[in-house]
Amino acid sequence: MAPRIQNQVVSNSLLPYLSPSSTTSSSTCLPRLPSTSSPSLAYRPRQSCRSLSSTVAPQTRRREEMFGWLHGPGARLKNHVPGQTNYLTSFKDKDGNLLSSTKIFPQNLMYRSESILSEDLRNEIYDRVVRQKRSVRAVSVELQVDMRRVAAVVRLVELENRMKEQDKPLALPYARAIHEMVPTSNYNKEYGSGRPHEGINDLPVHRLTNPQIFYPVSESRQFNRVDAGRVFSAAPALETSQVEENAADPYASVARITQNPGSIETVGKGDDEQQVLQPSDMRIPHPHLVAKERQNIINPNEFHKNREIYNERLAAEENATQERKLKAEKRREKQMLRVQPADSRFEFRIKDVVVSKETTGKDGRGARAPGRRYGVPSYDRKRGQVKIPTRVVV
Amino acid sequence: MRNRATTKLNKPKVRQSWSKWNLYNLQRFKLPFAVYRTHFQQKWDAKSAARAYHGEQVSEKQWTGMFSPRIRSVMPMDARKLAQDDGSLKSAGRGSGLFKTEEDALKEEQKQIPYSQMTFAPLERRLDVAIFRAMFASSARQARQFVIHGAVTVNGKPMRHPSYLLNPGDLFQVEPERVMYATGAPKDKVDRREIRLANKEAEEAKEKEAEAAEEAEGEAAEEAKENSVENPRKTLKLLLSQAKEIMSTDKKTLPAKRKQELRGFQKAVRRVLSRSESSTILTDSLESQFSQLTLLLRAREADKKNKDMEETQEKGEEAEKPKSKPESSADDAEATETGQQQLRDNLSEAFAMATQNKEVDMSELTRDEVQVLKRALVQMRDNPIDHSKPYATPWRPRDYMSAFATIPRYLEVNHNICAAVYLRHPVARPGYSEVPSPFSDSVGTMAFTWYLRRR
Amino acid sequence: MVVRIRLSRFGNKHQPFYNIVVAQARSARDSKPLEVIGTFNPVPQRPTNLSDEEARRARAYKEVSLDRSRAKYWIGVGAQPSDSVWRLMSLAGIVRESKKAGESKKATEEKAQE
């Protein structure tokens, strides 16, 4: 995409649709002073086609009303104002300046039009992840962008580069227009990003927390988030020694879980077995940020040392994730035998499975056993069976 | 032409569409006054209004199958607050929380989560709806057509099912040409007339050329050479005046007039190219035109002696300073990376040279004017006049598009390539719901209870 | 009666999928077997999550899952693999390369002597 020039002298005013002045002028002069500026475009109410009839067909009246609105109060919506939103709810002040609002639907107070990543911010994310080889987690924290979004941006910019290499047509004017219509989160090389793009520590509301539970606790006892999680998942309260241990080193207790999610305690038996609900400190996307804040509270003056500790912890977290991934990969590879016979075009991937009482179950129909089940007809030729794919693998 | 069946003026329904009819309906939409309606009627009204917008292309049976009473929501967490308090502060005071002042207590009280506005969240997973939400199509119906006609890929593979439910992490892409068509202004009468005229002119020119070629083959080359020798100064002046005209046009002038001027500019560029010695053939593609123009200016600069080279380069850098993008700032090693970038650099360099040249009046080509010329050229390349396109060229957004322009957070969109990633399912958070819906809370609640009844 | 290790067809029209089963030789193909010891998907799958360069060179693969210990046990007690299962098992390294390897070896030796 060509550089978007922020210089006032050379603004986007080359083409008619890009010019802020032209849009505002058209909105002001067209409805009120139709005769002076452009008589051809002026709105005139339609005459009824039946010249002798005095009644007006209802549809025509409605159309008149509509065009009356479109040429009157709605005229300012026709063209966009670069750098501003132009919604039904935005209005003009006394001086005729358009005040943008983020409320796009006048009746829905619960939906706002939120900012999108600007071109610069997108390139910065890509640069940090791909060229500077920073981890997604670190970039997410620095630029206040969700980790999933960071990953998506990298994918999309990669795709864009590939399309540019292949000389495929891009929709550049379209992209420019959209970025002028929608609020954007900007990034400046010198000043960085102004305000955070989005909250990065969103805690998904867990299914187990839906019911309201009345749980009496003695006033002398401290009842914290860990206890609440255990109550929600109907697990017995923690032992006192464990509680003390956690209180002594809160980061260690969190790191134990976040660096090894398989070690979460479970309750219940058989099909009812489930993991104990963990406190929000562990379930948020960036648990290490809590540890950092805690460190700041403990040693508010030792900025450098705190930063060092934070970096160490972040590195440890990333290493643990990497290791976990590698281990899983190794395990998978160990169970898999790849054979490439000379006389075949194909590779055979032979996976080890286990057929035993545990997997097949008593009746031989266990879901963990290999193979398709017996005694279940295939309904694929029946009417009304949905056969569209449920996923597309990259 | 509007769809009369869906956007009507009596008994209006709000649709997932950017048409002005729909905008008008959206602006005046009102539910019947609840006092005179029974509870059932209220639910019916709410549900029918909401369904007319949310998944109108989906049958009721299919939607009731998708509806889920369990709604996804998130709570934004503040790391500092989590660090300050392990939760015991909130549970203290017999469960009512220990706060220092009432203000703190008020601050703690979160806004409500608008669960009922999330009634139609499952529909946002559909491919056609996601395409509409990413602003790749002007209505959900059009998005659906794009999918069926095979213009959409999911994760790089063609997907022809509009009801494909996107999974978090899926990347979908629409052909950029289709998107430009869907979101661009349509061709109008004036456009079509001009296309006709242009075609006619082209034909005549062809005939003339053929005649001319027969008559004088040898003379033409010499003449062209003469022209190019005396021209450099003139050509630049001419181009500049054209660009200036475009930039300086009054606010009052109509878009059509501006378009005409832009066309004039394009013609001027062509003329320049046809005169120059480097391009005896008139180049059709804009990309090649662009490069030809840069070449032309380059060639002129090469004639000059190298003694004031350093000086000019300094000036060139100076000229580029006001630009925000550092990429084009005279860093030659970097500039050679991509062709486009290089092109841009060459151009700015060439123009900087041109300003230094004594043949051209310095007063006439200031820094800003060079920028103007450059900007005009870049835009002409990015957004050319091309009569073969199904939309009005140069591309401009369709009318009333900005009133609907919003991109929800659960999508990450790259508009350059018309691709988007479905990051996650839409969620509700305190005081905010991610499902774009034109209806108030009460409509959402009533619709939710309507579908809840049938569970 | 002979116990055989063979394939039984599942899946849909134009979309075969086989269970590798241990069954009585005279029983119907898709009847309930003595034991299911694995599966075989003959539809070649494209490898995913590759870069462009890798994807160009990558071979399509066919998925086999097999419980080796059960397979060895059943062969040990005299179950006879069918030709196609023999081929799969030989790929897994459970049985010899060719079903008639002994004979073919002899044949080659004879040829060599001549």
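Brief remarks on what is shown
- Among residues of region A:366-394 that are under 30 Å from A:S356 (Cα atoms), those with a beta-carbon under 7 Å from a residue that is hydrophobic (A, V, I, L, M, F, W, C) at least six positions away or on a different chain give the pairs A:A369/A:V355; A:A369/C:V36; A:P370/A:V353; A:P370/A:V355; A:P370/C:V36; A:G371/C:V36; A:R372/C:F10; A:R372/C:F17.
- The listed residue being within 11 Å of chain A (Cβ to nearest Cβ), at pLDDT 70 or above and surrounded by fewer than 22 Cβ atoms within 10 Å (Cβ to Cβ), out of B:Y422, B:Y432, B:Y410: B:Y432
- Hey, A:D95 under 30 Å from A:Y310 (Cβ atoms), more than 15 Å from the chain's Cα centre (by Cα) and surrounded by fewer than 20 Cβ atoms within 10 Å (Cβ to Cβ) or not: no
- The residue list C:A23, C:A60 contains one member that is over 12 Å from the mean Cα position of the chain (by Cα) and more than 22 Å from A:D363 (Cβ to Cβ), which is C:A60.
- Qualifying residue in region A:190-200 (condition: of a type outside the set (D, E), out of contact with any Ser or Thr (no Cβ under 9 Å at 6 or more places or on another chain) and over 18 Å from B:R409 (Cα atoms)): yes
- Top-ranked residue of region A:141-171 - restricted to ones that are in a helix (DSSP H, G or I) and either at positive phi or acidic (D, E) (or both), ranked as nearest to the other protein chains (Cβ to nearest Cβ): A:E160
- Any chance A:A171 is farther than 30 Å from A:E312 by Cα and touching a Cys at 6+ places or on another chain (Cβ under 9 Å): yes
- Some residue of region C:9-16 being at the interface with chain A (Cβ under 9 Å from one of its Cβ atoms), surrounded by 14 or more Cβ atoms within 10 Å (Cβ to Cβ) and either touching a Pro at 6+ places or on another chain (Cβ under 7 Å) or not hydroxyl-bearing (S, T, Y) (or both): yes
- Test: residue in region B:371-382 that is within 8 Å of chain A (Cβ to nearest Cβ) and part of a loop (DSSP other than H, G, I, E, B): no
- Region A:287-326, subset out of contact with any Asp or Glu (no Cβ under 8 Å at 6 or more places or on another chain), facing chain B (nearest Cβ under 10 Å) and closer than 30 Å to A:P236 by Cβ, residue surrounded by the most Cβ atoms within 10 Å (Cβ to Cβ): A:A291
- From B:A212, B:A185, residue being at negative phi, of a type in the set (A, V, I, L, M), surrounded by fewer than 24 Cβ atoms within 10 Å (Cβ to Cβ) and within 12 Å of chain A (Cβ to nearest Cβ): B:A185
- Among the conditions (1) more than 30 Å from A:L98 (Cβ to Cβ); (2) of a type in the set (S, T, N, Q); (3) at the interface with chain A (Cβ under 7 Å from one of its Cβ atoms), B:T445 misses just one, which is (3).
- Selection of region C:1-22 for residues being in a strand (DSSP E or B) and at positive phi yields only C:G11.
- In a residue-by-residue description of region A:253-274, the property of being farther than 22 Å from A:D146 by Cβ, at the interface with another protein chain (Cβ under 8 Å from one of its Cβ atoms) and not basic (K, R) applies to no position.
- Residue match in region A:116-126 (condition: within 11 Å of chain B (Cβ to nearest Cβ) and in a loop (DSSP other than H, G, I, E, B)): no
- Residues of region B:150-175 satisfying the condition of being in contact (Cβ under 8 Å) with a residue 60 or more places away in the chain and either aliphatic (A, V, I, L, M) or farther than 13 Å from A:T390 by Cα (or both): B:L166, B:G169, B:L171, B:F172, B:Q173, B:V174, B:E175
- Output for region B:53-72, where each listed residue is surrounded by fewer than 19 Cβ atoms within 10 Å (Cβ to Cβ) and of a type in the set (G, A, S): B:S59, B:G65, B:S68
- When B:S437, B:S388 are screened for being assigned to a loop (DSSP other than H, G, I, E, B) and free of Cβ contacts under 8 Å to residues at least 60 places away in the same chain, only B:S388 passes.
- Residues in region A:334-363 that are aliphatic (A, V, I, L, M), touching a Lys or Arg at 6+ places or on another chain (Cβ under 6 Å) and not in a loop (DSSP other than H, G, I, E, B): A:M336 alone.
- Which listed residue is within 23 Å of the chain's Cα centre (by Cα), hydroxyl-bearing (S, T, Y) and at pLDDT below 90, from A:T89, A:T85, A:T60: A:T85
A quick yes/no check of all residues on (1) at pLDDT 80 or above; (2) more than 9 Å from chain A (Cβ to nearest Cβ); (3) over 30 Å from A:L156 (Cβ atoms):
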{"position": "B:S68", "(1), (2), (3)": "yes, yes, no"}
{"position": "B:S73", "(1), (2), (3)": "yes, no, no"}
{"position": "B:L82", "(1), (2), (3)": "yes, no, yes"}
{"position": "B:R94", "(1), (2), (3)": "no, no, yes"}
{"position": "B:K107", "(1), (2), (3)": "no, yes, yes"}
{"position": "B:T119", "(1), (2), (3)": "yes, yes, yes"}
{"position": "B:A130", "(1), (2), (3)": "yes, yes, no"}
{"position": "B:A140", "(1), (2), (3)": "yes, yes, no"}
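- Considered as a group, the residues in region A:98-113 that are in contact with a strand residue (DSSP E or B) (Cβ under 7 Å, 6 or more places away or on another chain) and closer than 30 Å to B:A46 by Cα include one that is surrounded by the fewest Cβ atoms within 10 Å (Cβ to Cβ), and that residue is A:R112.
- Unique match (being more than 19 Å from A:P285 (Cβ to Cβ), more than 9 Å from chain B (Cβ to nearest Cβ) and surrounded by 19 or more Cβ atoms within 10 Å (Cβ to Cβ)) among A:Y187, A:Y174: A:Y187
The values are calculated or read from the model by the stated rules, or taken from the named source; none is laboratory data. Quick caveat, the model's predicted, so the values are computed rather than measured. No Cβ is skipped: glycine too gets one built from the backbone with ideal geometry, and neighbour counts run over all protein chains shown.
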